Amino acid sequence: MVILDGEQYLTGEEAAATLGIKRETLYAYVSRGVLRSYRQGIKRQRLYRQTDVERLMQLTPSSEEPLASRGPAPEVPLAESWIRD
């Protein structure tokens, strides 16, 4: 962990470990605008604000949404209704 101006930042390795993802996925998050990275001085190393990483961890994918909150399942027509002569 790196502290700059009172703000806590994680290295790429630390941020990926915290999120439970590979570093390549972390880079994909940055390129897609899901997470922001910051350059540390003139080095190539990128840092990730700890609060941003923690906020990202609180998000849950919509596929994990409880079934009850999704509402009734759409009615699928029977295959016989698709067949035409």
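Every read-out reported here was derived from the displayed coordinates using simple, explicitly stated rules and does not represent laboratory data. Predicted, not measured: the structure shown is a model, and the values here were computed from it. Note that we place each Cβ from the backbone using ideal geometry, even for glycine, and neighbour counts take in every protein chain shown.
The table that follows gives values for the structure above.
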| read-out | value |
| --- | --- |
| Spin-label pair VAL2/THR18, simplified geometry with 7 Å Cα→Cβ offset, distance in nm | 1.4 |
| ARG46, ARG23 arranged by Cβ crowding within 10 Å, fewest neighbours leading | ARG23, ARG46 |
| Amide proton proximity set for LEU47, modelled H, under 5 Å, gap of 5+ | TYR38, ARG39, GLN40 |
| Where only C-alpha atoms are counted, convex hull volume of the range 2-60 per residue in Å³ | 80 |
